[in-house]
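See structure below.
The values are calculated or read from the model by the stated rules, or taken from the named source; none is laboratory data. Just so we're clear, the structure is a prediction, and the values are computed from it rather than from any experiment. Every residue, glycine among them, receives a Cβ derived from its backbone with ideal geometry; neighbour counts consider all protein chains shown.
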Amino acid sequence: MEYKNLLVEVENNIATVTFNRPQVLNAMNMETALEFGNAIQKCKADDNVRVVIITGSGDRAFVAGADINEFKGKSPREIMKFTEAGHSALRLMETMEKPAIAAVNGYALGGGLEIAMACDVRFASDKARFGQPEITLGLIPGWGGTQRLARLIGMGRAKELVLSGEQITAQRAYEMGLVNRVFPAEQLMDETRKFAQRLAGMPPFSTKMAKYAINYGYDMALDSANNLEIQCMSQCFSTKDLEEGVAAFLEKRKPNFVGK
Ligand code: COA
């Protein structure tokens, strides 16, 4: 897969999508947002891809937000296209049937943090920095930051970050529950790949049902959400992988899941 602003590699059932505009700390312009949506669509459609890792090129930035060069002279309607392109790519990634892991290797600011938040799991280098600095430019987050941040870390902390525009360290992000794990910078990609390999070895239909129940149950009333879980859990009994997982446990051996 060839893109101007992204690198996409697939190895051992794991796709790695790397934002590749290091000269602007991987800032997101419209072209990159559209390429990203396209890359996620392809990863979603490719049965050979079981897990997607999202990261940034170079050692300074994951993504330093929207490309501020593209804001000058834009009308609300033009900027709406940009925000819609971001929302659509991120929701596609969040709701696709395979996991996405953010490997946050540096600045994850503005749209960068919003991309990381739409991933299922976030790993960070100890050098990473997080924030929603939009307010310092006279705008607010536009790729889900006002919504996913409050859902992930609570309304009080979300307002602290969005209203102040302050940057926080990886350690602080970990304490807030914004990132799952923090590693020394040089270990980040190895540790992320190791975890991705584990997820890639899980039965795909169970992965799909687990994401489905969590994603769509989250905003439901508890009884409706529990009923959704009952349906999703029961559907797993239609798969060969369920038979294999149970048999392997009882026979004290490793399961061999085939995705059926
Ligand atoms: N859009 C466009 N260009 C950006 C950018 C962005 N979001 N973030 C960084 N860049 C560019 C800088 O303009 C600079 O370009 P130059 O070398 O041509 O001058 C280059 O990337 C390196 O950034 P620089 O600011 O020199 O690095 P720094 O270490 O001093 O600061 C940041 C790093 C991330 C703190 C700083 O670049 C920054 O605040 N970026 C904007 C973050 C932001 O507000 N994002 C939300 C946008 S809605």
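Residues are listed down the side, and each one gets a yes or a no for (1) more than 23 Å from Q132 (Cβ to Cβ); (2) buried (at least 24 other Cβ atoms within 10 Å of the Cβ); (3) aliphatic (A, V, I, L, M):
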position: V24; (1), (2), (3): no, no, yes
position: Q41; (1), (2), (3): yes, no, no
position: D46; (1), (2), (3): yes, no, no
position: V49; (1), (2), (3): yes, no, yes
position: A64; (1), (2), (3): no, yes, yes
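Each row is one residue, and each column tells you yes or no for (1) closer than 24 Å to R148 by Cβ; (2) within 16 Å of the ligand (Cβ to nearest atom); (3) in a loop (DSSP other than H, G, I, E, B).
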{"site": "V17", "(1), (2), (3)": "yes, no, no"}
{"site": "F36", "(1), (2), (3)": "yes, yes, no"}
{"site": "G58", "(1), (2), (3)": "no, yes, yes"}
{"site": "S88", "(1), (2), (3)": "yes, no, no"}
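Residues that are near the ligand (Cβ under 7 Å from one of its atoms) and either more than 15 Å from T136 (Cα to Cα) or free of Cβ contacts under 8 Å to residues at least 60 places away in the same chain (or both) within the stretch 61-74 comprise A61, A64, D67, N69, listed in sequence order. Within the stretch 191-208, the presence of a residue that is under 27 Å from A116 (Cα atoms), touching a Leu at 6+ places or on another chain (Cβ under 8 Å) and either among the aliphatic types (A, V, I, L, M) or part of a strand (DSSP E or B) (or both) is excluded. No other residue among Q171, Q235 is farther than 30 Å from V258 by Cα and in a helix (DSSP H, G or I) apart from Q171.
Checked against the criterion of being surrounded by fewer than 17 Cβ atoms within 10 Å (Cβ to Cβ) and within 16 Å of the ligand (Cβ to nearest atom), the candidates G165, G154 yield just one match: G165. Taking the stretch 140-151 as the range and being under 16 Å from the mean Cα position of the chain (by Cα), of a type in the set (A, V, I, L, M, F, W, C) and within 13 Å of the ligand (Cβ to nearest atom) as the test, only W143 passes.
Remark: pairs (first residue in the stretch 221-232, closer than 16 Å to M209 by Cβ; second residue assigned to a loop (DSSP other than H, G, I, E, B) and at pLDDT 95 or above; Cβ separation under 8 Å; 6+ apart in sequence or on different chains) = A225/Y218; L228/M220. Consider L137 carefully, then state whether it is away from the ligand (no atom under 13 Å from the Cβ) and either of a type outside the set (D, E, K, R) or farther than 18 Å from A64 by Cα (or both). Here the answer is no, as L137 does not meet what is asked.
Condition check: at positive phi, more than 16 Å from the ligand (Cβ to nearest atom) and at pLDDT 95 or above. Does N13 satisfy that? Answer is yes for this residue. Looking only at residues of the stretch 205-222 that are over 18 Å from the mean Cα position of the chain (by Cα) and surrounded by 17 or more Cβ atoms within 10 Å (Cβ to Cβ), we find that the one that is farthest from T239 (Cα to Cα) is G217.
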